[in-house]
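Novice: The structure under discussion is supplied below as structure tokens; questions concerning it will follow.
The values are calculated or read from the model by the stated rules, or taken from the named source; none is laboratory data. Keep in mind the model is a prediction, meaning the values are calculated, not measured. Because the Cβ atoms are built from the backbone with ideal geometry, glycine has one as well, and the counts that use them run over all protein chains shown.
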Amino acid sequence: MKTLKIAALVVLVYVGIVVAFESLIGYFQPTAGSTLVITTFDGDGTPHDRVVSRLESDGQLYVAANHWPRARSTIASTARTASVWSSGS
């Protein structure tokens, strides 16, 4: 019974950490004016939007993918077309 209680506590702590982490990711997402929306379209024409951070340095545009890398290879390999929209200057 003691082992079951310890296992339940470990699971609860793990779930709490995951919930806190994912909540912070949502809270600290880029704000308007510093974002770039990349829309890719698959073979059926279904759009898939990804919001990334827009960073400029010495006249060069850089993109911070943040939490996006997990889906990047799947989207890039299946995308037929893409469009980019910027909320910044």
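Novice: Among the numbered criteria (1) small (Gly, Ala, Ser); (2) loosely packed, with under 10 Cβ neighbours inside 10 Å; (3) at pLDDT 60 or above, which one does SER73 miss?
Specialist: (3)
Novice: Another question, then. Mind listing just one residue for me: the one in segment 1-44 that is touching a residue at least 12 places away in the same chain (Cβ under 8 Å) and outside any strand (DSSP E or B) and, of those, surrounded by the most Cβ atoms within 10 Å (Cβ to Cβ)?
Specialist: Looking at residues that are touching a residue at least 12 places away in the same chain (Cβ under 8 Å) and outside any strand (DSSP E or B), I get PRO30.
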